[in-house]
Amino acid sequence: MFTPLTAEWTVRAVDGDAPGELVGSWFPATVPGCVTTDLMAQGVIADPYLDENEQSCEWIGRTRWEFTTQFELPGDVAPGERIDLVCLGLDTVATITVNGALVAETSNMHRSYRFDIGHLASAGRNRLAVVFDAPVSYAEQASKEIGPRPHVNLHPFNAVRKMASSFGWDWGPDLASAGIWKPVGIDRWRTARIESVRPIVGVDFDEATKRRGATRARQGRVAVHVELERTDAEPLVLCARVGDADGRVELPPGATCAAVELVVPDAALWWPVGYGAQPLYDLDVDVRRLDGSVVDGWHGRVGFRTVELDTSIDAVGHRFVIVVNGVEIAVRGANWIPDDCFVARVDRARYARRLGDAVQANMNLLRVWGGGIYESDDFYDLADELGLLVWQDFLFACASYAEEEPLRGEVVAEATEAVTRLAVHPSLALWNGCNENLWGHEDWGWKESLGERSWGSGYYFEILPEIVGRLDPSRPYSPGSPWSFSRDIHPNDPDNGTMHVWDVWNERDYGAYRQYAPRFVSEFGFQGPPAWSTLTRAVHDEPLAVDGPALRCHQKAEDGMGKLARGLEHHFPQPRSMDDWHWATSLNQARAVTVGVEHWRSLSPRCAGTIVWQLNDCWPVVSWAAVDGDGKRKPLWYALRHSYAPLLLTIQPRDGALALVVVNDGGEPWSGAVQVTRSRFDGALAATHELVMAAEPGEIAAILLPSSIARSGDEASEVLVAQVADGSVPRAVWFYAEDKDLALAPQDLEASMDATRGRCLVRVRARGVHRDVALLADKLHPSARVDEMLVTLLDGETATFEVTADADLDWTLLTGPSVLKSANQLLHPAPLEPTSLNPTSQGPRGAS
């Protein structure tokens, strides 16, 4: 029985860069946790997420730390009983002792450990101590010993198997910490224990069931592979049950592995969200003695589905299409990073909120990025329930990695454990070897600096695919992202495989997204600030300014503020206040990503999906995220919900003309009459046109609009609107010029309210055209959230917004100019006190 050790932990600084008064001084520690949060709890350091406090915490990563506790072994040790110390997560380079005797030395955050301590522990109280090397100092020394290799950012994170982003990234702080980040405890057992269960699921279809919308297959199959550890040679029986199917295998004396084959007739099919239901079957595994008594047990859930990756060559190049149950999935996804720098703070409730954000934004896939961690079981359990596909990177990102020992052995061990642990989850759709390392080796000057040294290709093309093929043969593998699926083609080639589009954010206006026609976009994005309440909670510059020192600390991208400013130039006047800057850059982020998503969706089936960078943040920061570090939904989130709608109507430029495109990712055929109108901003009708469109499930329909309706006689004062007669699809709106060149009138919105405790309905009526009307409700209270945002209103039109909050508020403030926003405001700013808005360059460039 596993008994977690959570009480009476203490920690002290052993040596290193810690202040002298801390060295040798013990203070309480929380396990699971890390030393940084322990220091915060004791008031030793200020919250590193606030202001410039990050910089005053650098010494933590250059200090050795000792964690200690005591545990008891009640009762006598029975004959044949094992006493194991189980460490599910140690961050990272650790020396473990029990009663002063060495147990082990470990050096991998991404794997678990189990040690027999029966010869070291006594029946009374025992002392457990874990000493962690200083992570930054260790990485620097390890890099020298194995030979320095190229990497992004400051520290050689590629020399140690620790969460890469903990050393700082272009969206994350440099806060490398140490500690016991997952449960640790004592496991007492005898005879045998289940070491691992690895279910391999298969589905047998017939012609009637291998189709979209099918609810059942002819039968489902589960091959339950079980590994055991044993203390004696007693014969045993392995039993497994799923649904109404059960099976058993006799284990001869000493046998440590076996498989049970189970068949479930008429199995209910698991589908990604939007394609069907997500039925899950309980899978129970027991090891029994011949008399029927249970020795050990395991419980999990499986879903019956197949998953394939179609990389076949068509007339353009290599496709990249995820296929579930024989149906091609149009991927609408986001990249996922650790939701907190201190990952032990992320619990199931937080995962549920964040994955809920994804589903409610019409996403069907999250890519777990390779600079983070293999997330906890809660993440994948929730993805199973919600129908969110998971693309799982192996943990290699933006660097070259030594293929020699000691790293090689650690990579094999962690990958083997990760594949074995996660194989049970139907949501897991793809294993991916690395993030940007194949691209980096080709384009970032690595070849010249590496010479003949190894750089990781052996992992991506040999070791990892062998592990996946052996342990999880039901799932596809890709060597990296981006990748063209040919060593003879550039890894970031738009015609082949996956592509990362980063020149737009770094160098070009976001309209350049329309110059790309990729097969699959697995990274692209545009920056914006966090929600106002998050920004002002974390940054206290006086006055709050773009070039303020604390805000600079919360912008980690190279020349990030400069890129934001240049990104605005083509679209909006220069903001005159901090409030305008925050709204303009937030809106510009939403607009930029909308252009990319809707353009690429309109290219289906050539482009089979987009994965925006990024869903979430790990702290309060100016970044590419749709949901900020405090869990607030930015305008980008609302834009994604619209652009990722299963049924999308969008107007796209095509060869000097305009096309109306219907994208149907839904499960039913769609057809309808579409009314297209071109009108002046004052409401006068300039032209009208009606057409009928139809799109089958998984298809698009595109019609070039006649010039009589599409061509404007006054681009500054006209707007084109396409609207389905029955309102079944949100309308599409096209402006002929950039905002700064439009003749939009000053904001003139009439608002009325219907308020109750914790809820307010705000009805807004527009006098004249108002583009992207929004309520920034969190300015009223951090808990306030609005149901909709970025609504364009024509003259006389109305929209109703619902605002909820965990407080009793003065709702009248919702209609003030700092909360009720539109693009019109940015063209006619109210006179305010001058604010410093000079963009400044930041730090060395990171990569995503």
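The values are calculated or read from the model by the stated rules, or taken from the named source; none is laboratory data. Here the structure is a predicted model, which is why all the values come from computation and not from measurement. Note that each Cβ is placed from the backbone with ideal geometry, even for glycine, and that neighbours are counted across all protein chains shown. Please note that ligands, DNA and RNA were not included when accessible areas were found on the heavy atoms of the full protein model with its side chains. Shrake-Rupley method; radii C 1.70, N 1.55, O 1.52, S 1.80 Å.
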Quiz item: Looking at ILE45, ILE83, which is the one that is more than 22 Å from PHE132 (Cβ to Cβ) and not in a helix (DSSP H, G or I)?
Solution: ILE83
Self-check item: Residues satisfying the stated conditions in region 568-598, i.e. open to solvent by 10 Å² or more (accessible area, probe 1.4 Å), assigned to a helix (DSSP H, G or I), touching a residue at least 60 places away in the same chain (Cβ under 8 Å) and out of contact with any Ser or Thr (no Cβ under 7 Å at 6 or more places or on another chain)
Solution: ASP580, TRP581, ARG591, VAL595
Quiz item: Take the residues of region 646-695 that are within 17 Å of LEU603 (Cβ to Cβ) and acidic (Asp, Glu): which is most open to solvent (accessible area, probe 1.4 Å)?
Solution: ASP655
Quiz item: Can you tell me which residue in region 440-453 is farthest from the chain's Cα centre (by Cα), limited to those that are farther than 15 Å from GLY370 by Cβ and open to solvent by less than 20 Å² (accessible area, probe 1.4 Å)?
Solution: LEU450
Quiz item: How about region 221-320: which strands (runs of 3 or more DSSP E) wholly inside it have at least 3 residues that are over 29 Å from LEU366 (Cβ atoms)?
Solution: 236-242, 245-251, 257-265, 281-289, 294-302
Exercise. Could you check, for region 139-161, whether at least one of its residues is over 18 Å from GLY16 (Cβ atoms), without any contact (Cβ under 8 Å) to a residue 24 or more places away in the chain and of a type in the set (Asp, Glu)?
Key: yes
Quiz item: Given the conditions (1) open to solvent by 40 Å² or more (accessible area, probe 1.4 Å); (2) touching a strand residue (DSSP E or B) at 6+ places or on another chain (Cβ under 9 Å), which single one is not true for GLN278?
Solution: (2)
Practice problem: Could you figure out which of (1) closer than 30 Å to GLY317 by Cα; (2) open to solvent by 10 Å² or more (accessible area, probe 1.4 Å); (3) aliphatic (A, V, I, L, M) isn't true of LEU544? | Solution: (1)
Practice problem: Take GLY372 and decide whether it is under 30 Å from VAL35 (Cα atoms), in contact with a Pro (Cβ under 9 Å, 6 or more places away or on another chain) and open to solvent by less than 10 Å² (accessible area, probe 1.4 Å). | Solution: yes
Quiz item: Of the residues that make up region 35-42, is at least one open to solvent by 20 Å² or more (accessible area, probe 1.4 Å), hydroxyl-bearing (Ser, Thr, Tyr) and under 23 Å from ARG125 (Cβ atoms)?
Solution: no
Self-check item: For VAL721: the one exception among (1) in a helix (DSSP H, G or I); (2) under 19 Å from THR650 (Cβ atoms)
Solution: (1)
Quiz item: For region 601-619, how many residues are more than 16 Å from LEU365 (Cα to Cα) and surrounded by 24 or more Cβ atoms within 10 Å (Cβ to Cβ)?
Solution: 3
Practice problem: Report whether or not TRP637 is farther than 30 Å from LEU544 by Cβ and of a type outside the set (Asp, Glu). | Solution: no
Self-check item: Members of region 53-70 that are hydrophobic (A, V, I, L, M, F, W, C) and crowded, with 20+ Cβ neighbours inside 10 Å
Solution: CYS57, ILE60, TRP65, PHE67
Quiz item: Out of region 601-633, which residues are closer than 16 Å to TRP505 by Cα and of a type in the set (Phe, Trp, Tyr)?
Solution: TRP613, TRP624
Quiz item: Which of the following residues is modelled with pLDDT of 95 or more, within 31 Å of the chain's Cα centre (by Cα) and either under 26 Å from VAL593 (Cα atoms) or open to solvent by less than 70 Å² (accessible area, probe 1.4 Å) (or both): VAL791, VAL769, VAL762?
Solution: VAL791
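Just for region 281-307: of the residues that are among the aliphatic types (A, V, I, L, M) and open to solvent by less than 40 Å² (accessible area, probe 1.4 Å), which one is farthest from the chain's Cα centre (by Cα)?
If we take residues in region 281-307 being among the aliphatic types (A, V, I, L, M) and open to solvent by less than 40 Å² (accessible area, probe 1.4 Å), then VAL295 is farthest from the chain's Cα centre (by Cα).
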Quiz prompt | Filter result for the condition that a residue is in contact with a strand residue (DSSP E or B) (Cβ under 6 Å, 6 or more places away or on another chain), under 23 Å from TRP181 (Cβ atoms) and modelled with pLDDT under 95, over LEU22, LEU90 | solution = LEU22
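The rows are residues; the columns are (1) charged (D, E, K, R); (2) buried (at least 19 other Cβ atoms within 10 Å of the Cβ); (3) over 30 Å from PHE2 (Cβ atoms); (4) out of contact with any Cys (no Cβ under 8 Å at 6 or more places or on another chain).
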residue	(1), (2), (3), (4)
GLU229	yes, no, no, yes
ALA240	no, yes, no, yes
GLU261	yes, no, no, yes
VAL264	no, yes, yes, yes
Exercise. Give just the number: which of (1) open to solvent by less than 40 Å² (accessible area, probe 1.4 Å); (2) more than 29 Å from ASP617 (Cβ to Cβ); (3) in contact (Cβ under 8 Å) with a residue 24 or more places away in the chain does PHE27 not satisfy?
Key: (3)
Practice problem: Output the qualifying pairs, or none if there are none: Cβ atoms under 9 angstrom, residues six or more apart or on different chains, first residue in region 101-121 and closer than 10 Å to ILE83 by Cα, second residue assigned to a loop (DSSP other than H, G, I, E, B) and open to solvent by less than 40 Å² (accessible area, probe 1.4 Å). | Solution: ALA121/LEU73
Exercise. Enumerate the strands (runs of 3 or more DSSP E) found wholly within region 666-711, keeping only those where 1 or more residues are under 23 Å from LEU744 (Cα atoms).
Key: 670-680, 685-695
Practice problem: Can you run down the residue pairs with Cβ atoms below 8 Å, 6 or more apart or on separate chains, where the first is in region 48-71 and assigned to a helix (DSSP H, G or I) and the partner is charged (D, E, K, R)? | Solution: ASN53/ASP47; GLU54/ASP174; GLU58/ASP17; GLU58/ASP174; TRP59/ASP17; GLY61/ASP174; ARG62/ASP17
Practice problem: With the condition kept exactly as written, say whether any residue in region 339-349 is of a type in the set (Lys, Arg) and either part of a helix (DSSP H, G or I) or touching a helix residue (DSSP H, G or I) at 6+ places or on another chain (Cβ under 6 Å) (or both). | Solution: yes
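In this structure, does LEU73 turn out to be among the aliphatic types (A, V, I, L, M) and under 19 Å from PHE342 (Cα atoms)?
No, not satisfied.
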Exercise. Looking only at region 230-246, decide whether some residue is more than 21 Å from ARG301 (Cβ to Cβ) and of a type in the set (S, T, N, Q).
Key: yes
Quiz item: Would a scan of region 18-40 turn up a residue that is charged (D, E, K, R), in contact with a Pro (Cβ under 9 Å, 6 or more places away or on another chain) and closer than 29 Å to CYS553 by Cβ?
Solution: yes
Exercise. Name the strands (runs of 3 or more DSSP E) wholly inside region 98-198 in which the number of residues that are surrounded by 23 or more Cβ atoms within 10 Å (Cβ to Cβ), within 32 Å of the chain's Cα centre (by Cα) and of a type in the set (A, V, I, L, M, F, W, C) is 1 or more.
Key: 125-132, 184-190
Practice problem: Might you let me know whether region 797-806 holds any residue that is touching a Ser or Thr at 6+ places or on another chain (Cβ under 6 Å), in a loop (DSSP other than H, G, I, E, B), among the hydrophobic types (A, V, I, L, M, F, W, C) and touching a residue at least 24 places away in the same chain (Cβ under 8 Å)? | Solution: yes
